[in-house]
Amino acid sequence: MYMGFKKQRPRLVLFFDHGRGFFEAYFGDALLLSKHLGADLDFYEGIPICRMNRAMAKAYIERLTTDQWEVGICERDEDIPDEAKKILEISI
């Protein structure tokens, strides 16, 4: 899903809302946040990832939109069962 969104709108930076008080950004979006905004960059199984609390995400979103980037907030469309082993649908 991520790659499909990015292909359609390359200047769209996606923030994934995990509902526990924080957001995550992945791949090129994480690299962009790290390089241009100084966000902490981590890697999970080789995938670049930035984790941030809601207050920090809000500041990053304001700076991105000021710099003419589009921002999408991704939320789950369904609850995650304890033993989830499927791809969950998301909305932007």
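The values are calculated or read from the model by the stated rules, or taken from the named source; none is laboratory data. Everything numeric here is computed off the predicted structure, so don't read it as measured data. Cβ placement follows ideal geometry from the backbone for every residue including glycine, while neighbour counts extend to all protein chains displayed.
If you check Phe16 against the conditions, is it in a helix (DSSP H, G or I) and in contact (Cβ under 8 Å) with a residue 60 or more places away in the chain? Answer is no for this residue.
If I filter the stretch 52-71 for residues that are assigned to a strand (DSSP E or B), touching a residue at least 40 places away in the same chain (Cβ under 8 Å) and exposed (fewer than 15 other Cβ atoms within 10 Å of the Cβ), do I get at least one hit? The answer is yes; a qualifying residue exists.
Glu24 fulfils the conditions (1) among the acidic types (Asp, Glu); (2) farther than 16 Å from Ile73 by Cβ; (3) surrounded by 13 or more Cβ atoms within 10 Å (Cβ to Cβ) except for a single criterion, (2).
Residue-wise test of (1) at pLDDT below 95; (2) within 11 Å of Tyr60 (Cα to Cα); (3) of a type in the set (D, E, K, R).
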site: His18; (1), (2), (3): yes, no, no
site: Phe22; (1), (2), (3): yes, no, no
site: Gly38; (1), (2), (3): yes, yes, no
site: Asp42; (1), (2), (3): no, no, yes
